[in-house]
Amino acid sequence: MADDIIVKDGNGSQLHDGDSVTLIKDLKVKGTSETLKRGTLVKGIRLTDSPGEIECSTKQVKGLVLKTEFLKKA
C-alpha cells in the first residue's frame, strides 16, 4: 500500500525504503530524555502509509517515527 504514496524529504527529494537520511534540525524525542542532534545520519528508513512520516531506528532510540520535513536524503 505504501508503494502508491510518494514520500519527499524537506528538500523535495523522493525517499524510498532503505534510504539513508540526515536530520536538518535538533529533535527532542517524546517519552525519553534523548535529543537527536542536527546532522545525525539515520540508515535504513521504512516508509509508512503516511506521506509525511517514516519509521527508523537510531543507536539511542529504536522504533522512531520521524516527520519527513525534518530530514534530507543523505
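Structure above, values below:
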{"read-out": "Positive-pole candidate from 29, 5, 63, dipole of region 1-70, charges at beta carbon", "value": "29"}
{"read-out": "Within the accessible area of the chain (1.4 Å probe), percent carbon and sulfur", "value": "47 percent"}
{"read-out": "Magnitude of the charge dipole, the chain, Cβ model with Lys/Arg +1 and Asp/Glu -1, debye to 20", "value": "500 debye"}
{"read-out": "Where the chain is the region considered: accessible area per residue in Å², 1.4 Å probe", "value": "64 Å²"}
{"read-out": "Table column - 3J(HN,Hα) (Hz), region 23-38, Karplus curve with 6.51, -1.76, 1.60, x for Gly and Pro", "value": "6, 9, 7, 5, 10, 7, 8, 4, x, 9, 9, 7, 10, 7, 7, 4"}
{"read-out": "Under Karplus coefficients 6.51, -1.76 and 1.60, residue-wise ³J(HN,Hα) of region 50-59 in Hz, glycine/proline x", "value": "9, x, x, 9, 10, 9, 6, 9, 10, 4"}
{"read-out": "From the coordinates shown, Rg/Rh (Cα atoms, Kirkwood Rh) corresponds to which of (1) 0.94; (2) 1.35; (3) 1.19", "value": "(1)"}
{"read-out": "Residues residue 24 and residue 49, FRET efficiency given R0 of 35 Å [Cβ-Cβ distance, rounded to 0.05]", "value": "0.90"}
{"read-out": "Residue 32 paired with residue 5, simple spin-label distance in nm, labels 7 Å along Cα-to-beta-carbon", "value": "2.2 nm"}
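The values are calculated or read from the model by the stated rules, or taken from the named source; none is laboratory data. Only a predicted model underlies this, so the values are computations on that prediction, with no experimental measurement involved. Positions of Cβ are backbone-derived with ideal geometry, glycine not excepted, and every protein chain shown enters the neighbour counts. Please note that ligands, DNA and RNA were not included when accessible areas were found on the heavy atoms of the full protein model with its side chains. Shrake-Rupley method; radii C 1.70, N 1.55, O 1.52, S 1.80 Å.
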